[in-house]
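**Q** Mind looking over this structure? Questions follow.
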Amino acid sequence: MSAPLLPTSVIGSYALPSWLWLAREAMAAGRFGERDISETLEDATRIAIADQLEAGIDVVSDGEMRRVNFIQGFYSRIQGLEVLPPARKMGAPHWDTEPPFRAVERLSAPEGLGIVEDFVLARTLTDRPLKATCPGPLTLSIPIRRGQVYASREALLEDLMHIVRAELERLVEAGAELIQLDEPNFAMRRDDPRAWVELFNATVEGIQAKIALHICFGNLNNKPFISPRSYAHLFPYVLEARADQLLLEFANRELAELDLWQRFPSDKALGVGVIDVKAYRIETPDVVAERLRRALQYVAPEKLIVVPDCGFWETPRWIARGKLRAMVEGARLVRRELQGG
């Protein structure tokens, strides 16, 4: 299936159905058996895909219905970690209410991260182009303390890189043709971006799939991280990433820094975030169309991908559905203009 001009996609996660929150509580309380859990998560995945298809999304995802708090659920699949108490337990949930981890032995994930299983399930539920999504090693490393196991952060990152790389290889074997790595910490950390690009390139080297790199400013509990919301420090180094697509956050920054794409030309496709997932309001198709027209001042139409700023896992489902429909219709408005219709 060939992609249309200005193809629409999602970043990965989708809004959880309200009943899934109750089901998760029942799972945590031990009230669900293995089959109950499997059926529940499959039903949620069906709904996530159905909502995307109903909205008209061109490249869909599994919705990440099995994941918990973006990356928190992955640590139960990584051996060699102990859970530490969070820095704060009272008040509004934020970045400091999530538990950190400490390495007690070299990290491994002999049974994988579970992303392959999610992809295989989703592939049975739709014949629409499907994107697999996976957190990158830098982002996975953020809540992990080295303990006495790793002499350096680099050594910890190398083991996480091998864990992620193994997952990517298994995704390709399962038929994934488009894989997105999520590395919001490229933007949130102010270290040397060249080191992060080298880590990314080592992770995806030899992976026989189209690769996308998503960089945002965080969305835990619908809140960004503490870093300045700017991509400028990443350029031009990020353009050396072995990625076919860069997916960046623009809508909630009033499309700031689109000119970076003009100042640093690239043959990569750019996924322009035109939906503010942190906002309670639902954009109109006209708002989306105007954002796309502005983006087209800097990005060639054949290189522009239409996406939300980030995933929808912190967004109420009824709002997410409205935002997806508006995004698709806004893209169609501009597509017709470009094609003279």
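The values are calculated or read from the model by the stated rules, or taken from the named source; none is laboratory data. Everything numeric in this text was worked out from a predicted model, so none of it was measured. Please note: Cβ atoms are built from the backbone with ideal geometry, for glycine as well, and neighbour counts cover all protein chains shown.
**Q** Criterion first (surrounded by 15 or more Cβ atoms within 10 Å (Cβ to Cβ), touching a residue at least 24 places away in the same chain (Cβ under 8 Å) and more than 29 Å from LEU168 (Cα to Cα)) does ARG253 satisfy it? Steps first, please.
**A** Details: surrounded by 15 or more Cβ atoms within 10 Å (Cβ to Cβ): yes; touching a residue at least 24 places away in the same chain (Cβ under 8 Å): yes; more than 29 Å from LEU168 (Cα to Cα): yes.
Yes: the conditions hold for ARG253.
**Q** When LYS323 is evaluated against the numbered criteria (1) of a type in the set (D, E, K, R); (2) in contact with a helix residue (DSSP H, G or I) (Cβ under 8 Å, 6 or more places away or on another chain); (3) within 22 Å of ASN69 (Cα to Cα); (4) at pLDDT 95 or above, which criterion, by number, is the only one it fails?
**A** Here LYS323 clears every test but (2).
**Q** A further question follows. Under 6 Å between Cβ atoms, which residue pairs at least 6 apart in sequence (or on different chains) link something in region 70-95 that is over 23 Å from ILE11 (Cα atoms) and surrounded by 12 or more Cβ atoms within 10 Å (Cβ to Cβ) with a partner that is at pLDDT 85 or above and acidic (Asp, Glu)?
**A** What qualifies is GLY80/GLU105.
Yes/no matrix, rows are residues, columns are (1) on the phi > 0 side of the Ramachandran plot; (2) surrounded by fewer than 21 Cβ atoms within 10 Å (Cβ to Cβ); (3) free of Cβ contacts under 8 Å to residues at least 60 places away in the same chain; (4) in a loop (DSSP other than H, G, I, E, B):
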position	(1), (2), (3), (4)
LEU239	no, yes, yes, no
ARG242	no, yes, yes, yes
LEU246	no, no, yes, no
LEU258	no, yes, yes, yes
ARG291	no, no, yes, no
ARG294	no, yes, yes, no
THR315	no, no, no, yes
ILE319	no, yes, no, no
VAL334	no, no, no, no
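**Q** Let me ask another. Could you check, for region 182-189, whether at least one of its residues is out of contact with any helix residue (DSSP H, G or I) (no Cβ under 8 Å at 6 or more places or on another chain), more than 30 Å from LEU121 (Cα to Cα) and in contact (Cβ under 8 Å) with a residue 12 or more places away in the chain?
**A** At the first step, the residues of region 182-189 found to be out of contact with any helix residue (DSSP H, G or I) (no Cβ under 8 Å at 6 or more places or on another chain) are 188.
Subset that is more than 30 Å from LEU121 (Cα to Cα): 188.
Keeping just the survivors that are in contact (Cβ under 8 Å) with a residue 12 or more places away in the chain gives 188.
There is at least one residue in region 182-189 that is out of contact with any helix residue (DSSP H, G or I) (no Cβ under 8 Å at 6 or more places or on another chain), more than 30 Å from LEU121 (Cα to Cα) and in contact (Cβ under 8 Å) with a residue 12 or more places away in the chain.
**Q** Next question. Which residue pairs have Cβ atoms closer than 6 Å, lie 6 or more positions apart in sequence or on different chains, and pair a first residue in region 8-24 that is under 28 Å from GLU183 (Cβ atoms) and touching a residue at least 40 places away in the same chain (Cβ under 8 Å) with a second residue that is among the polar types (S, T, N, Q) and part of a loop (DSSP other than H, G, I, E, B)?
**A** Short answer, once both residue conditions are applied: VAL10/SER61; GLY12/SER61; ALA15/THR315.
**Q** Then there is this: Return the residue satisfying two criteria in turn: it lies in region 182-207 and is in a helix (DSSP H, G or I) and charged (D, E, K, R), and of such residues it is farthest from LEU171 (Cα to Cα). If you could, list the steps in order and put the result at the bottom.
**A** Initial filter on region 182-207 (in a helix (DSSP H, G or I)): 185-188, 193-204.
With charged (D, E, K, R) added as a condition, the list becomes 194, 198.
Numbers: ARG194: 27, GLU198: 22 Å.
The selected residue is ARG194.
**Q** Looking at this structure, is LEU157 in contact with a Ser or Thr (Cβ under 6 Å, 6 or more places away or on another chain), in a helix (DSSP H, G or I) and not β-branched (Val, Ile, Thr)? Full working, then the answer.
**A** Details: in contact with a Ser or Thr (Cβ under 6 Å, 6 or more places away or on another chain): yes; in a helix (DSSP H, G or I): yes; not β-branched (Val, Ile, Thr): yes.
The answer is yes for LEU157.
**Q** Taking only region 140-154 into account, find how many residues are part of a loop (DSSP other than H, G, I, E, B), over 21 Å from ARG67 (Cβ atoms) and of a type outside the set (A, V, I, L, M).
**A** To start, the set of residues in region 140-154 that are part of a loop (DSSP other than H, G, I, E, B) comprises 142-143, 146-152.
If we keep only those that are over 21 Å from ARG67 (Cβ atoms) too, we end up with 146-152.
Adding the requirement that they be of a type outside the set (A, V, I, L, M) leaves 146-148, 150, 152.
Result for region 140-154: 5.
**Q** Which is over 21 Å from LYS323 (Cβ atoms), under 21 Å from the mean Cα position of the chain (by Cα) and not in a helix (DSSP H, G or I), of ARG66, ARG31?
**A** Details: ARG31 fails: under 21 Å from the mean Cα position of the chain (by Cα).
The match here is ARG66.
**Q** For region 164-187, what are the residues that are more than 17 Å from LEU130 (Cα to Cα) and in contact with a Leu (Cβ under 8 Å, 6 or more places away or on another chain)? Reasoning before the result, please.
**A** As a first pass, look at region 164-187 and keep what is more than 17 Å from LEU130 (Cα to Cα): 164-166, 183-187.
Within region 164-187, VAL164, GLU183, ASN185, PHE186, ALA187 meet the criteria.
**Q** Does ILE49 satisfy the criteria of being within 27 Å of ILE275 (Cα to Cα), modelled with pLDDT of 95 or more and either surrounded by fewer than 18 Cβ atoms within 10 Å (Cβ to Cβ) or under 21 Å from the mean Cα position of the chain (by Cα) (or both)? Even if it seems obvious, please write down each step before you answer.
**A** On the way: within 27 Å of ILE275 (Cα to Cα): yes; modelled with pLDDT of 95 or more: yes; either surrounded by fewer than 18 Cβ atoms within 10 Å (Cβ to Cβ) or under 21 Å from the mean Cα position of the chain (by Cα) (or both): yes.
For ILE49, the condition - within 27 Å of ILE275 (Cα to Cα), modelled with pLDDT of 95 or more and either surrounded by fewer than 18 Cβ atoms within 10 Å (Cβ to Cβ) or under 21 Å from the mean Cα position of the chain (by Cα) (or both) - is met.
**Q** Kindly list, by first and then second residue, each pair from a residue in region 135-147 that is touching a residue at least 24 places away in the same chain (Cβ under 8 Å) and farther than 16 Å from GLY73 by Cβ to a residue that is in a strand (DSSP E or B) and basic (Lys, Arg), limited to pairs with Cβ atoms under 7 Å and residues at least 6 apart or on different chains.
**A** Matching pairs, first to second residue: ARG145/ARG102; GLY147/ARG102.
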